[in-house]
Structure formats: structure tokens, C-alpha cells
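Asks: Here's a structure for you.
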Amino acid sequence: MDTSKVAISINKEILKKLDDLVKEEVFPNRSRAIQQAVEEKLNRINQTRLAEQCAKLDPVDEQSLAEEGFSLELDKWPAY
């Protein structure tokens with residue numbers, strides 16, 4: 001993975017909690033803990049954006065689009 005170094009400022013209490021997690025071997029080091037936290041936050045933002053866009057869809061319109069052309073194909077389907 002191609003990485004870049006960045007400098008951040010972080011609240012001392014949060015840093016203490018982070019160091020405790022590293023000490024408990026939840027994370028191998030501060031860097032990996034922060035990388036994972038940022039990745040998870042970005043994933044959550046993307047999921048939220050997708051959910052917001054999906055909420056804008058009209059279920060009736062989506063159902064009609066999904067079924068479009070089915071009536072023409074039904075007579076070609078084999079009988080069970």
C-alpha cells in the first residue's frame with residue numbers, strides 16, 4: 001500500500017485512549033489505529049451518501065423499471 005506521512009493534532013484524552021488500545025494490542029501502533037479509524041469513517045460517509053440517494057428513489061417507478069419488458073418475455077418462458 002502506498003502511504004504518505006501526515007501530521008495531526010489530537011486531544012490528549014483521545015491520545016491516551018489510543019495509546020491504551022495500542023498497549024492492549026488492539027492495534028499494533030498509533031499509525032495503524034488512526035489509519036483504520038479514518039478508513040472506517042470514510043466508508044460510513046459513503047454508505048450514508050448511498051442511503052440518502054436510495055431514499056430519493058420512488059419505489060413504484062423503480063419497480064416498473066425492473067419489470068419493464070417482462071410481460072413480453074413471459075410467453076417465451078418454459079412451463080413448469
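The values are calculated or read from the model by the stated rules, or taken from the named source; none is laboratory data. The shown structure was predicted, so the numbers you read here are calculated from the model rather than taken from an experiment. As a convention, Cβ positions derive from the backbone with ideal geometry for all residues, glycine included, and neighbour counts pool all protein chains shown.
Asks: From the list Ser31, Ser4, pick out the single residue that is modelled with pLDDT of 90 or more, under 23 Å from the mean Cα position of the chain (by Cα) and loosely packed, with under 10 Cβ neighbours inside 10 Å. Walk me through how you get there before you give the answer.
Replies: Details: Ser31 fails: loosely packed, with under 10 Cβ neighbours inside 10 Å.
From the options Ser31, Ser4, the qualifying one is Ser4.
Asks: Another one. Can you pull out the residues in the range 59-76 that are of a type outside the set (A, V, I, L, M) and at pLDDT below 80?
Replies: Glu67, Glu68, Gly69, Phe70, Ser71, Glu73, Asp75, Lys76
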